[in-house]
Amino acid sequence: MKSILVINAHPSSDSLSGSLAKAYAASAKAAGHTVDLAHLSDLTFDPILHKGYKSIQTLEPDLLQMQKRITAAQHVVFVFPVWWGSVPALFKGFLDRTLLPGYAFKYRTDSPMWDKLLAGRTARIIVTSDGPIWWNRFIFKDSTIHMMKKAVLEFCGFKVSVTRMGSVKTAKPEQIQKFINKIADLGTSGA
């Protein structure tokens, strides 16, 4: 059994991402995993990294708590929609403010290389989009997935798996239920 943190990175808990996060968390818990569910919409923090990494802003209590929750998890699940070829602004701000140097990674002295401080963990990206999956892959070059998988999570040391759900804007209720069931199955297995 795993210790799993599920993060609904949509700015609303009442969304398809929220439903998918809840389905994953509920089925993982029912299967015996230790589950922690977080909705970014419930956190209080300034999402703007005002001075870049030149001077680190004091972390709000919710972000300090999220760092502890990430550290405690063996597996972290991020659920979010593609907006404008990227992640929602609140989620981007969360990443900027939470995955800090000294916590998530550390640059080596006199070297372009870095240490991956969150190594040993796995992550799953669950991403939804209004457009079809093939459109995001071939027209947009999977920009959102590439950013999250390579430039964020693998950079910090996670081993990453991806689940895509496309054409959600035009999906009928039974198709949405199939999406939810698929994510619940992932939760059961802790994948």
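Values as computed for the structure displayed
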{"read-out": "Average accessible surface area per residue within the chain, 1.4 Å rolling probe, Å²", "value": "52"}
{"read-out": "Rough spin-label spacing in nm, given labels placed 7 Å along Cα→Cβ, for LYS106 and SER167", "value": "4.9"}
{"read-out": "Mean separation of Cα contacts under 8 Å, 6 or more apart, over the residue count of the range 61-179: relative contact order %", "value": "28"}
{"read-out": "Mean Cβ neighbour count within 10 Å, used as a protection proxy, ranking 173-182, 105-114, 88-97, 155-164 highest first", "value": "88-97, 155-164, 173-182, 105-114"}
{"read-out": "Cα convex hull of the range 24-157, projected area averaged across orientations, nm²", "value": "9.7"}
{"read-out": "Three-way shape call for the range 1-47 based on the alpha-carbon gyration tensor, with the a/c threshold at 1.5", "value": "oblate"}
{"read-out": "Positive-pole candidate from VAL160, PRO47, HIS75, dipole of the chain, charges at beta carbon", "value": "VAL160"}
{"read-out": "Amide H partners (placed H, <5 Å) of PHE105, local residues excluded", "value": "LEU117"}
{"read-out": "Separation between Cα centres of the range 149-191 and the range 1-56, rounded to whole Å", "value": "14"}
{"read-out": "Gain on full stretching of the segment that runs from ASP42 to ASP96 - 0.36 nm per residue minus C-alpha separation", "value": "17.7 nm"}
{"read-out": "Extension reserve of the ASP14-LYS51 stretch, reckoned as 0.36 nm per residue once the Cα distance is removed", "value": "10.1 nm"}
{"read-out": "Two-site label geometry, GLN74 and ALA89: point separation in nm, points 7 Å out along Cα→Cβ", "value": "3.9"}
{"read-out": "Solvent-accessible area, 1.4 Å probe, carbon plus sulfur percent, for the chain", "value": "57"}
{"read-out": "For the range 5-121: relative contact order, % (alpha-carbon pairs under 8 angstrom, 6 or more apart)", "value": "30"}
{"read-out": "Relative contact order for the range 1-59, counting Cα pairs under 8 Å that sit 6 or more residues apart, in percent", "value": "40"}
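The values are calculated or read from the model by the stated rules, or taken from the named source; none is laboratory data. Keep in mind it's a predicted model, so treat the numbers as computed, not measured. So basically every Cβ, Gly included, is an ideal-geometry build from the backbone, and we count neighbours across all protein chains shown. What goes into the accessible areas is simple: the full protein's heavy atoms, side chains included, and nothing from ligands, DNA or RNA. Shrake-Rupley method; radii C 1.70, N 1.55, O 1.52, S 1.80 Å.
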